[in-house]
Each structure stands twice: as C-alpha cells, then as structure tokens.
Amino acid sequence: MKIAFVGKGGSGKTTLSSLFIRQLAAGGAPVVAVDADINQHLGTALGLDEAEAAALPAMGARLPLIKDYLRGTNPRIASAATMIKTTPPGEGSRLLRVQEQNPVYDACARPVRLDDAEIRLMVTGPFTESDLGVACYHSKVGAVELCLNHLVDGRDEYVVVDMTAGSDSFASGMFTRFDMTFLVAEPTRKGVSVYRQYKEYARDFGVALKVVGNKVQGEDDLDFLRSEAGDDLLVTVGHSDWVRAMEKGRPRPFGQLEAENRAALETLLTTAAESYERRDWARYTRQMVHFHLRNAESWGNAKTGADLAAQVDPAFVLGESSADVSAPLPA
C-alpha cells in the first residue's frame, strides 16, 4: 500500500511519518520510505545522524538511470530522454516491487535499522544553492512520481512518502498515487487551512483523506479539530517524551513509546490496511494517464520534442497481475 503524509510546514508530518514507519517495521511489514519534502528531515527522524542523512543518494541526481531502467523495452517510448515525471508504464516497461532488488534501489535506496527491523529509505535530495533561480523542487520530486507510476505493491507491504509541505503537493499528479493520505494538522487556523485546501483539491480525484490532529493538549484543541475536520478527523496525538528524546539524539527502543501514541499509530495502521480493499487499479491508471496528457500538452512535448501522448498504452492497466509485463534485465 502507498501512504502519504501531508500538512503545513511545522505540523509534525515528518515526525508522524517516521513513527508510522517504525510501527510498520515493528510489525514485520516490508517498508520503502521516501522523503519527498523540500526540507529533508525524514532520515534524521528515523535515527540517522546528520552526516549519515547527508550521505543518502539523491533520487533527483539519478533520474537518467531511473528512466533508463523503467523504460525497459517499451516500444512506445523512443528513448529515456523522452520520459517525463508522468510517463506511464506499458507493455515492455519494467515495474518496481517493494521487496525486490533492482538497479533503482541499488542506486537510490539505503537500509536503515530500526530496533530489530530494517527498512529501505529513499530521498529526493535537498534543494541546493546551485538550484536557485534555475530549477524548481518539483523537478526533483519527479523521480518519486515516476517510480510510483511504475510501482506494483501488494497487501501488507508499504511505501510511505513524506510529502512536501502545504499545497505544493498539488504541483503534480502525485497526490493521486496513494491508497491513503494522512493530513497532519495542528489545532490552529493555519493548521486546518491546509486541510480545507487539500480536501477541495482532492475531492474530484477520489483521494482517501484522513486528518491526524497533532500537538493536541486538551479538550478545547480536540473540539476545535472536530469542528473543522468533522468525520475526517481520525485520531489525535499529544506530547511525546519519546519523540523529544529522539530529537535530542537520545533514542529509546520503540517499544517505550507512550501507550496512547502507540494506540494512535495502530489506528493509522488499521485505517491504511482497510484502504487495500478499496483499491481501484483501473482508476489509478486513468488518473496517471490524465496527468501525463496534461503535462505533455502544457510543457512536455515542447521540452522533449516528442509527442508524449503516444507513450500511453491504451490496453495497459497497472496492477498486481501486470507484473509479468516487465522487461528482463539486460544480460
């Protein structure tokens, strides 16, 4: 299942992402974690020190490799250079799976140990000084979108993405790539403004959305979130001495996380797992194609000099049964 964490900057979405990832890992689930935020903090939230986090390979810097691998032998894609972030898979494309080993993971993923479990961590890479004035951050996030477009994931395996803050998540079609989106909101007007915006944008695309109230200190905070989010409010999280110790560089075993916060994470896990039953691969593929055609018309054709609409394979539907369309690795 593919799970996104969104929210305004400072809402605590990276912290909640990392706790959810730990909850999955503690239960033995295979996890690929992706930091797609412009502020790259997921690695340190998972316990890496600053040097280890800085050494993680940037997906954005390995985009040519990613394109070349995913293209496979798809006859509709003339070259890797004509692939853009929304290019959909078709017959001959190589697909990614959560638990396999492949050149994309070799280049972009690194193992992170969490107590007695291990997850894969991938990062888009930070927005650097050399990017100022000549690039936008979404060109880096495009590597994540392209991988999600080619990802086949099943029950009880997870891809968890810490998305960029605020409404910037809507600068591409990636917000439709998830089985469940958890929006982390503080009990403030600014905290819920991102929720209202996200709800409005997501409505037409059938995006499954639940609100996680964070930094909730009492009944007044809870009443405020209930009045603003209604039935979308799933659960709330309060202060955590465990998280504060982690932020000080004094990590404790995950089993020592406060019982009430462990219970909140279990609610997130149950809700995420239930989303598998509502998975609609045909709709997922239609939305993928929809955003690809929009990008092709607005800028992709001009940038690549190719008719990118021709990359769409009308007979192809991404799904767990489509795994056999992947091209073999070159000898």
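Under 5 Å from the amide H of LEU114 lie the amide H atoms of ILE119, each residue being 5 or more positions distant or on a separate chain, with H modelled from the backbone and absent for Pro and chain starts. Across the stretch 266-278, rounded Karplus estimates of 3J(HN,Hα) from the backbone phi angles (6.51 cos²θ - 1.76 cosθ + 1.60, θ = phi - 60°) give 5, 5, 4, 5, 4, 5, 5, 5, 5, 5, 4, 5, 9 Hz, Gly and Pro being marked x.
The stretch 187-250 and the stretch 19-47 have Cα centres spaced 19 Å apart. Three semi-axes describe the equivalent ellipsoid of the stretch 11-110; taken as square roots of 5 times the Cα gyration tensor eigenvalues and ordered largest first, they are 29, 16, 12 Å.
Under 5 Å from the amide H of VAL160 lie the amide H atoms of ILE3, VAL32, ALA33, VAL34, each residue being 5 or more positions distant or on a separate chain, with H modelled from the backbone and absent for Pro and chain starts. Where does helix 281-295 land angle-wise versus the long Cα axis of the chain, in degrees 0 to 90, nearest 10? Once rounded, the angle reads 70 degrees. A 1.4 Å probe, protein heavy atoms only, puts the accessible area of PHE178 near 20 Å².
Less than 5 angstrom separates the built amide H of LEU96 from those of LEU151, VAL152, all sequence-distant by 5 or more or on a different chain.
Converting phi to 3J(HN,Hα) with the Karplus coefficients 6.51, -1.76 and 1.60 and the offset θ = phi - 60°, the stretch 71-87 yields 4, x, 10, 4, x, 7, 10, 5, 7, 4, 5, 8, 7, 10, 4, 9, 3 Hz in sequence order, with x at every glycine or proline. Each principal axis of the Cα cloud of the stretch 149-258 was evaluated for its coordinate range; sorted largest first, these ranges are 39, 34, 24 Å. Pairing the Cα long axis of helix 13-26 with the longest principal axis of the chain, what angle in degrees results, from 0 to 90 and rounded to the nearest 10? The two axes meet at around 90 degrees. Note on the stretch 57-132: Rg/Rh from C-alpha atoms, Kirkwood Rh, equals 1.04.
For the chain, averaging the sequence separation of C-alpha pairs within contact (under 8 Å, six or more residues apart) and dividing by the residue count gives a relative contact order of 27 percent. What a 1.4 Å probe finds exposed on the chain is 49% carbon and sulfur by accessible area, rounded to a whole percent.
Bridgeable lysines around LYS248 (alpha carbons under 26 Å apart, same-chain partners fewer than 8 residues away excluded): LYS8, LYS13, LYS215. Cross-link partners of LYS67 among lysines, defined as those whose alpha carbon lies under 23 angstrom from its own and excluding same-chain residues fewer than eight positions apart: LYS2, LYS85, LYS140, LYS303. The residues ARG22, ARG120, sorted by heavy-atom accessible surface at 1.4 Å with ligands and nucleic acids left out, run ARG120, ARG22 from largest to smallest. Calculated on the alpha-carbon coordinates, the convex hull of the stretch 1-70 measures out at 118 cubic angstrom per residue. Assuming 1.306 mPa s and 10 °C, estimate D for the stretch 219-312 with Stokes-Einstein, Rh taken as the Kirkwood radius over Cα pairs, in µm²/s. Estimated diffusion coefficient is 88 µm²/s. Work out, in µm²/s and without decimals, the Stokes-Einstein translational diffusion coefficient of the chain at 10 °C, 1.306 mPa s, Rh from Kirkwood over C-alpha pairs. The Stokes-Einstein estimate is 78 µm²/s.
Per-residue Karplus couplings for the stretch 215-224, computed as 6.51 cos²θ - 1.76 cosθ + 1.60 with θ equal to phi - 60°, are listed in order as 6, 7, 10, x, 5, 5, 4, 5, 4, 4 Hz, Gly and Pro entered as x.
The values are calculated or read from the model by the stated rules, or taken from the named source; none is laboratory data. Predicted model, so just to flag it, every value in this text is computed and none were measured. The accessibility values were calculated without ligands, DNA or RNA, using every heavy atom of the protein model including side chains. Shrake-Rupley method; radii C 1.70, N 1.55, O 1.52, S 1.80 Å.
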